[in-house]
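Heads up, the thing below is written out as structure tokens.
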Amino acid sequence: MRVPLLDNWSLTTDHASASYGRPVLVIDGTAYGPADTVELVSHHMPAAEAVRRLTASASLDADERALVKAFIFEG
């Protein structure tokens, strides 16, 4: 499963770094876990916080919301 977030950002279980159904954030092909630091709009933050911000007002179906929740609360 894949949830696109930005042009080059997606939350996915379809990456070699994802295991046991736990998603990873993929940015330009590099996988990040919830506690890894990423840069979003010139601000460094944990990947889980970046995903939370990007999906806060997004229209997501139940499966996509579950994937986001699994990532945010994994760490």
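Numbers below:
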read-out: Reported label for calculated semi-axes √(5λ) of the Cα gyration tensor in Å given (i) 16, 14, 12; (ii) 29, 15, 9; (iii) 20, 15, 11; value: (i)
read-out: Furthest towards positive pole of dipole, L25, V3, A70, structure part the chain, Cβ charges; value: A70
read-out: Length-normalised contact order of the chain in % [C-alpha pairs under 8 Å, at least 6 apart]; value: 26
read-out: Neighbour-count ranking [beta-carbon atoms within 10 angstrom, fewest first] of S42, S10; value: S42, S10
read-out: Peptides ranked, highest mean first, by Cβ atoms within 10 Å: ranges 61-68, 25-32; value: 25-32, 61-68
read-out: Taking E39, E49 and counting other C-beta atoms within 10 Å, the order from fewest to most; value: E39, E49
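FYI, it's all coordinate maths here, none of it is from the lab. Note that this is a predicted model, so its numbers are computed, not measured. In this analysis, Cβ positions are derived from the backbone assuming ideal geometry, glycine residues included, and neighbour counts consider all displayed protein chains.
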